[in-house]
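I have placed the structure first, in the form of structure tokens, so that the comments after it can refer back to it.
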Protein chains: 2
Amino acid sequence: MESIKVFAPATVANVSCGFDVMGFALDNPGDEIILKKRNGKGIVIQEITGEEGKLSNAVDNNTATVAIQSYLNHMGENIGLDVYLHKKMPLGSGLGSSAASAVAGVFAANELLGGKLSRDELLPFAMEGEKLASGDYHADNVAPSLLGGFRLIRGYDPVDVVQIATPENMWVSVVHPAIEINTKEARGLLNKEVALKKAIQQWGNVGGLIAGLITEDYGLIGRSMKDVIIEPVRAKLLNGYDAVRQAALDAGAVGCGISGSGPAIFTFNPDEQTAQKVGDAMQEAFLTKGITSNIYCSRINQQGAVVLG
Amino acid sequence: MESIKVFAPATVANVSCGFDVMGFALDNPGDEIILKKRNGKGIVIQEITGEEGKLSNAVDNNTATVAIQSYLNHMGENIGLDVYLHKKMPLGSGLGSSAASAVAGVFAANELLGGKLSRDELLPFAMEGEKLASGDYHADNVAPSLLGGFRLIRGYDPVDVVQIATPENMWVSVVHPAIEINTKEARGLLNKEVALKKAIQQWGNVGGLIAGLITEDYGLIGRSMKDVIIEPVRAKLLNGYDAVRQAALDAGAVGCGISGSGPAIFTFNPDEQTAQKVGDAMQEAFLTKGITSNIYCSRINQQGAVVLG
């Protein structure tokens, strides 16, 4: 194989109460990457599109190529690779843009070398790429983008990624307003200490959300989708959040939260029709604040990264 | 009906990572209470056995009668009641002794009045009794003792008790060493603030434990049974805990933790035989420290409080 084209999906991390431990993949949007073997050695970024010039072409400053390099080092490979990265999703959106690039890169490189490692084995290299963007090792975006599905990152020592079953007919709608939030800055606002009382509330909700998803109990899912620690801080950065959330719930959403560090906002819904209606209601609510937005609707993506050609 | 005899089971709360939000009931030990209608008004404690004179006969200073009084007040009843409380379980054990008394009392009173309220509706009155012992409203012991099963207290505003399915063949073994720990004092040792990093570890484990229980994944249950916040503090009060825990795991336990605020220690096991073996190993480990102990083995009790006659 001389070249390969791969898609890696956008992801919603945190999922209300599950800061740093939960994430799931969307059918769209996502990143496409093309890798072409080249005579000689080393990785060269030949093209990046769809990001309005915001990403670096330096190989050591792009999550896709950092992830690829980390993988190639581990495999003892030093082939020449030309990289074409097509961002088909917004940057700084809270939808795991950097993770999707890292996953697309490492998944494509592994396929190009004949699929020597399993998906699970690729996770550390994708996390290495993601680290460039978030400043630390996180798997709550890269794991679902790579593996698909709803993933609980139970722990990091060692990394323990658990697939959580979700209601078959559940649809997600996401609204992405035209506001940019920097992940590192957003993390910097968080207190390093939390009140035990609030931590207890949070892990009660985490238990409830996991139980609700597995047992398809929408009532329990909705009651559990409360983040008493992170979201109150992040909502302050997100003009109109309370109104948009209320509009979503009024339109029939099971629950609503900030996706990652925002500004995207996600909802769970009992069916496709409600997801569309809820998406429209959120877009409308942002518009009354003078903020334009995009809507994405999909089931929870179960495939993760896929080869396009 | 002129008199009634009720049993309410002991309970294991916290369940490793689930401080204040998880608990389950045991088949044994537990409390028995007899209520007899008497001419006139007011509650009188006629007898308490099995507690070596440690409990008060004052109606406003006993969890059973406080719970009964709270129930009778709500129902607008002012009948005469004689109370006979038989503690068939250790006090200050971490096995929910005060909760079992409160549950037995309120469940018996309701049955005596013809079962006017449902089990769920009795919960607030049992919590009122429990408050006398723990100093605050908690449901992680009273809910499983009253309702049976493994219960997640998702939240308190309003009280939201969720039943969690558990593996059918799972057996619990509990060792209760001859040490007494006061619940209020044990709670007083806890920091009111926790590091966000540790809180994240905790809620990752909470999610993993709930998922593992529902999907009968013993590996995940075991990996998730880590408490990085409460147990390190409480283990200091509990001479020999580390050795006992290790002995339990070596003997085949799926996981091991302190029951409530201790000193009882509980384990989950894949079958009855292992539970017995693990119980023996824990008892042996305490004996090498010169500490005697009792062992209790049972499935997770699914009935909760029951009428004995």
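The values are calculated or read from the model by the stated rules, or taken from the named source; none is laboratory data. As the structure is a computational prediction, the values presented were derived from the model and not from experiment. Neighbour counts run over all protein chains shown; Cβ positions are idealised from the backbone, glycine included.
Kindly evaluate B:Asp157 against the criterion of being within 14 Å of chain A (Cβ to nearest Cβ), surrounded by fewer than 19 Cβ atoms within 10 Å (Cβ to Cβ) and among the charged types (D, E, K, R).
Numbers: within 14 Å of chain A (Cβ to nearest Cβ): yes; surrounded by fewer than 19 Cβ atoms within 10 Å (Cβ to Cβ): yes; among the charged types (D, E, K, R): yes.
Judged against the criteria, B:Asp157 is a match.
Among (1) within 20 Å of A:Gly23 (Cβ to Cβ); (2) assigned by TED's automatic domain parsing to the domain that holds A:Ser259; (3) in contact (Cβ under 8 Å) with a residue 40 or more places away in the chain, where does A:Gly207 come up short?
Only one criterion is unmet by A:Gly207, namely (3).
Of all residues in the range B:274-309, how many are hydrophobic (A, V, I, L, M, F, W, C) and over 19 Å from B:Ile179 (Cβ atoms)?
Within the range B:274-309, the subset hydrophobic (A, V, I, L, M, F, W, C) is B:275, B:278, B:281-282, B:285-287, B:291, B:295, B:297, B:300, B:305-308.
Subsequent filtering for residues that are over 19 Å from B:Ile179 (Cβ atoms) retains B:275, B:278, B:297, B:300, B:305-308.
Of the residues in that region, 8 qualify.
Restricted to the range A:163-199, and to residues that are in a strand (DSSP E or B) and of a type in the set (Val, Ile, Thr), which residue is farthest from A:Ala264 (Cα to Cα)? Spell out how you get there, then give the answer.
Looking only at the range A:163-199, we keep the residues that are in a strand (DSSP E or B), and these are A:163-164, A:171-177, A:193-195.
Going one step further and asking which of them are of a type in the set (Val, Ile, Thr), we end up with A:164, A:172, A:174-175, A:194.
Details: A:Ile164: 23, A:Val172: 12, A:Val174: 7, A:Val175: 6, A:Val194: 25 Å.
Per the criteria, the residue is A:Val194.
Only one of these conditions is not met by A:Leu112: (1) hydrophobic (A, V, I, L, M, F, W, C); (2) touching a residue at least 24 places away in the same chain (Cβ under 8 Å); (3) within 12 Å of another protein chain (Cβ to nearest Cβ). Which number is it?
Failing condition for A:Leu112: (3).
Quick check on A:Arg187: is it farther than 30 Å from B:Leu189 by Cα and within 10 Å of another protein chain (Cβ to nearest Cβ)?
Numbers: farther than 30 Å from B:Leu189 by Cα: yes; within 10 Å of another protein chain (Cβ to nearest Cβ): no.
Taking the combined requirement at face value, the residue does not satisfy it.
Considering every residue within the range B:140-162, establish whether at least one is in a helix (DSSP H, G or I), farther than 21 Å from B:Gly18 by Cα and either outside the structural domain of B:Thr267 (by TED's automatic domain parsing) or not aliphatic (A, V, I, L, M) (or both).
No, the range B:140-162 has no match at all.
What about B:Ala195, is it surrounded by fewer than 24 Cβ atoms within 10 Å (Cβ to Cβ) and at the interface with chain A (Cβ under 8 Å from one of its Cβ atoms)?
Here the answer is yes, as B:Ala195 does meet what is asked.
So if I check each of A:Val194, A:Val233, which one is under 23 Å from B:Tyr156 (Cβ atoms), of a type in the set (A, V, I, L, M, F, W, C), modelled with pLDDT under 95 and outside the structural domain of A:Gly18 (by TED's automatic domain parsing)? Give the steps one after another, and end with the answer.
On the way: A:Val194 fails: modelled with pLDDT under 95.
Selected residue: A:Val233, the only one of A:Val194, A:Val233 that is under 23 Å from B:Tyr156 (Cβ atoms), of a type in the set (A, V, I, L, M, F, W, C), modelled with pLDDT under 95 and outside the structural domain of A:Gly18 (by TED's automatic domain parsing).
Among (1) of a type outside the set (Lys, Arg); (2) surrounded by 24 or more Cβ atoms within 10 Å (Cβ to Cβ); (3) in contact with an Asp or Glu (Cβ under 6 Å, 6 or more places away or on another chain), there is one condition A:His86 misses while meeting the rest; what is its number?
Going through the list (1) of a type outside the set (Lys, Arg); (2) surrounded by 24 or more Cβ atoms within 10 Å (Cβ to Cβ); (3) in contact with an Asp or Glu (Cβ under 6 Å, 6 or more places away or on another chain), A:His86 breaks only (2).
Between a residue in the range B:254-267 that is part of a strand (DSSP E or B) and any residue that is of a type in the set (Asp, Glu), which pairs come within a Cβ distance under 9 Å, given they are 6 or more apart or on different chains?
From residues that are part of a strand (DSSP E or B), the pairs are B:Gly257/B:Asp227; B:Gly257/B:Glu231; B:Ile258/B:Asp227; B:Ile258/B:Glu231.
Could you please find all residues in the range B:198-211 being more than 7 Å from chain A (Cβ to nearest Cβ) and surrounded by 18 or more Cβ atoms within 10 Å (Cβ to Cβ)?
At the first step, the residues of the range B:198-211 found to be more than 7 Å from chain A (Cβ to nearest Cβ) are B:198, B:209.
Once the filter is applied, which keeps residues that are more than 7 Å from chain A (Cβ to nearest Cβ) and surrounded by 18 or more Cβ atoms within 10 Å (Cβ to Cβ), the range B:198-211 yields only B:Leu209.
Here is a list of conditions, (1) of a type in the set (Asp, Glu); (2) part of a helix (DSSP H, G or I); (3) in contact (Cβ under 8 Å) with a residue 24 or more places away in the chain; (4) within 27 Å of A:Lys197 (Cβ to Cβ), and B:Glu121 meets all of them except one; can you say which number that is?
(3)
Between B:Met22, B:Met75, which is surrounded by fewer than 19 Cβ atoms within 10 Å (Cβ to Cβ) and within 18 Å of B:Ala126 (Cα to Cα)?
Values: B:Met22 fails: surrounded by fewer than 19 Cβ atoms within 10 Å (Cβ to Cβ).
Answer to the selection: B:Met75.
Can you tell me which residue in the range B:227-250 is farthest from the other protein chains (Cβ to nearest Cβ), limited to those that are outside any helix (DSSP H, G or I) and among the aliphatic types (A, V, I, L, M)? Lay out the reasoning, then the answer.
Our first condition is that a residue be outside any helix (DSSP H, G or I); within the range B:227-250, this holds for B:227-230, B:236-240.
Subsequent filtering for residues that are among the aliphatic types (A, V, I, L, M) retains B:228-230, B:237-238.
Numbers: B:Val228: 10, B:Ile229: 8, B:Ile230: 9, B:Leu237: 18, B:Leu238: 20 Å.
The qualifying residue farthest from the other protein chains (Cβ to nearest Cβ) is B:Leu238.
Quick one: B:Trp171 ticks every box in (1) within 11 Å of another protein chain (Cβ to nearest Cβ); (2) touching an Asp or Glu at 6+ places or on another chain (Cβ under 6 Å); (3) farther than 23 Å from A:Met225 by Cα except a single one, so which number is it?
Among (1) within 11 Å of another protein chain (Cβ to nearest Cβ); (2) touching an Asp or Glu at 6+ places or on another chain (Cβ under 6 Å); (3) farther than 23 Å from A:Met225 by Cα, the lone unmet condition for B:Trp171 is (1).
Which residues, counting only those in the range B:125-154, are over 14 Å from the mean Cα position of the chain (by Cα), surrounded by 21 or more Cβ atoms within 10 Å (Cβ to Cβ) and more than 10 Å from chain A (Cβ to nearest Cβ)?
Within the range B:125-154, B:Phe125, B:Glu128 qualify.
Mind checking whether some residue in the range B:178-186 is surrounded by 16 or more Cβ atoms within 10 Å (Cβ to Cβ) and either basic (Lys, Arg) or modelled with pLDDT of 95 or more (or both)? Break it down stepwise before answering.
Within the range B:178-186, the first condition is being surrounded by 16 or more Cβ atoms within 10 Å (Cβ to Cβ), and the residues that meet it are B:179, B:181, B:183, B:186.
Those still in the list that are either basic (Lys, Arg) or modelled with pLDDT of 95 or more (or both) too: none.
No, because not a single residue in the range B:178-186 is surrounded by 16 or more Cβ atoms within 10 Å (Cβ to Cβ) and either basic (Lys, Arg) or modelled with pLDDT of 95 or more (or both).
Filter the range B:212-226 down to residues that are outside any helix (DSSP H, G or I) and more than 10 Å from chain A (Cβ to nearest Cβ) and give me whichever is surrounded by the fewest Cβ atoms within 10 Å (Cβ to Cβ).
Residues of the range B:212-226 that are outside any helix (DSSP H, G or I), as a first pass: B:215-217, B:225-226.
Then keep just the ones that are more than 10 Å from chain A (Cβ to nearest Cβ); that gives B:216, B:225.
Working: B:Glu216: 15, B:Met225: 25.
Taking the candidates together, the pick is B:Glu216.
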